[in-house]
Structures are given as C-alpha cells and as structure tokens.
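Visitor: Please find one structure pasted underneath; my questions will follow.
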Amino acid sequence: MCAGVTQAVPIVLEVAAAILAAAGIDSRHRLCCAFSGGIDSAVLLDVLDTLRQRFGYTLEAAHVHHGLSPAADEWQDFCAGICHRRDIHLRIFRVEVSRDHPGGLEESARIARHAAFSRIACDWLALGHHRDDQAETVLFRLLRGAGAHGAAAMAAIDHPAEATGRAGRLRPLLETGREEILAYARGKNLEWIEDASNTDLCFTRNDLRHRILPAIETRFPAARLTLARCASHFREAAGLLDELAQADAVAATCETCEEGEVGHRVFSRAFLLSLSPARLANLFRWELRRLGSAPPSSARLSEALRQLRTVSGPLCLPLGDRTCHSRRGRVWLT
C-alpha cells in the first residue's frame, strides 16, 4: 500500500469531520446518506459510519432505484447488503424517470431523485459530491449563463429551511478531490459499483468530465481546483446580494400575511419603483427563493418588472409557480 493511500484515510476523515462540526452536528440529529453504491457514496457512507460514534448522530441511508439500467436491481441488492453488514437502515425508493423531459434524461433523473429524498424524515441529507464535482458544476452553470447564485454551485453546508420544512444538505466530501476519494476507498478496502453510463459522452456532465475539462487542463493544469475555488467567491458575492435584498425587503414591507406555513410580504409599490432595475430584480429573486420557489427566467422576470414600472393599473403577473399582484400601491406574491 502506497503512502498516499495510507494518508488519505485520516485526511478525508478529518476534513469531513470539520464540516460536520461546522454544521453543529451532534446526538440530536438524524442523518441520511444518499447511497447509490458508486465510489463517492460508498466513501461517504464509510466516513459517516466511522464518525457517528464521535458525533453521536443517528445514521440511515437512502437508495433511489431509477430503473434506467438493466443492472438497477443488482445495484439495489448491493446497497442493501452493504447497509445490512453495517447495521444501517436503508430506505429504497423506486421512481419513474421521464425520458422526454426538456432538460434531458440527466435532469429528469435528478428531479426524480430529489423528489424521493424530500420524503425522508431526517434533519440532514448527506450527499457524496466532491471537489471535482464542484468544478464541473461551476463550469456547466457558467456555460448556461448562471448568475452569482448559480455559479456558487454547491455548499458543504446548506442549513435546514424552517419555512418549507426542507432538511439540511451536507456534503462532507466537497473539499476532497476524486483522487483522494479513490485512495480512501482503496485504503479501507471498500466495495463499490462501476456504472458504465458514467463514461457515456452523450451526457453533458460526462462530456465535461472526460473530454472538455481534460482539454482545458492541458493549458490550465489546476483548472478543477481553480473552478472549485471560484465557487466560494461566487458564494460570497451571492451572500452579499442576499443581504442587500433582505434589507430592501424590510424597508419595502407594508405588512406580513400568511400563506400556508410560509409568511409572505406585501410591499410598497412606490418603494419598489425607487430601486434600480438590478436591485429590484435581486429583491424579487431573493423573495422567491425565500418562499421556496425557483426564480423565473431572466426574460420573464424582466418583462414582469417592466410592466410593474410602466402599467399604473392592477396587475397579475406570472412568475413560475408564483404570481405577482399589484393593486392600490401594494405588491405581493401568491
């Protein structure tokens, strides 16, 4: 066993432990590990199993059976066997993946997977994303025209959303590279599944990983590390935009109403119109995220805000799964 493999185990464990400690994880918390059976989730499960005595949390796992591979049943049985030997309760979700989703099969599978995860009663969902995944996500989103929030990619710690009841997200491996994960798996003699679809260049993520990023690295050898570092810069910028939006929301609020379990505000139209276009758009995007809604396209939001500025009468403007209303000097979302 080479020194690199020997050193990887304690290094990966301590980096992950630092993330758990920063999230305040302790014996009060229930953690669920997203376990596909691939190397990343196999290492994640082993790390969480190793650290649970130190932190005292309750640990279970969840496996999503997408039904997209002929070997899907074998993968499910493999994951069940690993969890049985470790005395970790495994939840299995069988999902239907739409093959004609406008975002493609990858996006359709991701949506189905996260819909399944949303049904798990836990405090934190642990995901096996690592530093190389972060770099690929930043590049992918930049190429699709993402703003600061999108380019911030993934956070090691996404705290639970009390307003919507969404469990927190933990990514204990996010500061660990793919090579370190492989060294850890070898150092602990772990078993994992090799999914042949991970090398299929028809999928955008695989093309980025196996063709585009290696080409970039011929000129910029540290590209993956640099892109992952960029995510933290974008996250800092996104945080400042959120602070500005929160301050604007407080200043613009006339009253607060209740919509189900999520409070929504009624804004002064005069105050909103005193903001610059960029600042007003930032406020709307922030408020939509706070309410648990995905921001609409830039074109739709721009058109809604144009009408808000130019039409003096009552308005009813669609913004994704929300509607912006304006009447008698007041603006609110339903």
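The values are calculated or read from the model by the stated rules, or taken from the named source; none is laboratory data. Everything quoted here is computed from the prediction, not taken from an experiment. Because the Cβ atoms are built from the backbone with ideal geometry, glycine has one as well, and the counts that use them run over all protein chains shown. The area values use the complete protein model at the heavy-atom level, side chains included, leaving out ligands, DNA and RNA. Shrake-Rupley method; radii C 1.70, N 1.55, O 1.52, S 1.80 Å.
Visitor: Based on a Kirkwood Rh over C-alpha pairs, give the Stokes-Einstein translational diffusion coefficient of region 131-266 at 10 °C and viscosity 1.306 mPa s in µm²/s.
Guide: Working: Rh = 17.9 Å.
In µm²/s, the coefficient rounds to 89.
Visitor: Quick check: Cα centre of region 197-225 to Cα centre of region 282-319, how many Å?
Guide: That distance is 36 Å.
Visitor: Based on the alpha-carbon gyration tensor of region 215-255 and its eigenvalue square roots a ≥ b ≥ c, which shape applies: rounded if a/c is under 1.5, prolate if not and a/b is larger than b/c, or oblate?
Guide: Working: a/c = 7.85, a/b = 5.61, b/c = 1.40.
Note, shape of region 215-255 comes out prolate.
Visitor: Once amide H atoms are placed 1.01 Å from N in the peptide plane, what residues at a sequence separation of 5 or more from GLY177, or on another chain, have their amide H within under 5 Å of its amide H?
Guide: ARG131
Visitor: State log₁₀ I(q)/I(0) for region 10-118 at q = 0.12, 0.19 Å⁻¹ as given by the Debye formula over alpha-carbon point scatterers of equal weight, solvent excluded.
Guide: The computed values of log10 I(q)/I(0) come out as -0.47, -0.99.
Visitor: Dividing the Cα convex hull volume of region 86-135 by residue count, how many Å³ per residue is that? Mind dumping the intermediate values first?
Guide: Numbers: hull volume 6.3 nm³, N = 50.
Looking at region 86-135, the number lands at 126 Å³ per residue.
Visitor: With all protein chains present, how much of the accessible area of region 43-127 (probe radius 1.4 Å) comes from carbon and sulfur, to the nearest whole percent? If you can, show how the numbers build up before the last one.
Guide: Details: 2080 of 4390 Å².
About 47 percent, which is the carbon plus sulfur part of the accessible surface.
Visitor: Something else: I'd like to compare 291-298, 129-136: which one has the highest average count of other Cβ atoms within 10 Å, and what's the full order after that?
Guide: Details: 291-298: 15.8, 129-136: 23.4.
Ranking, from highest mean packing down: 129-136, 291-298.
Visitor: Out of every Cα-Cα pair in region 183-334, what percent are more than 19 Å apart? Don't skip to the end; give the middle numbers.
Guide: Details: 7615 of 11476 pairs.
Result for the distance tail: 66 percent.
Visitor: Next question, about the same structure. Please figure out what share of the DSSP beta bridges in the chain is antiparallel and state it in percent, rounded to the nearest 5.
Guide: Values: 21 of 38 bridges.
So the antiparallel bridges in the chain amount to around 55 percent.
Visitor: Over all directions, how big on average is the projection of the convex hull of the alpha-carbon atoms in the chain, in square nanometres?
Guide: 19.0 nm²
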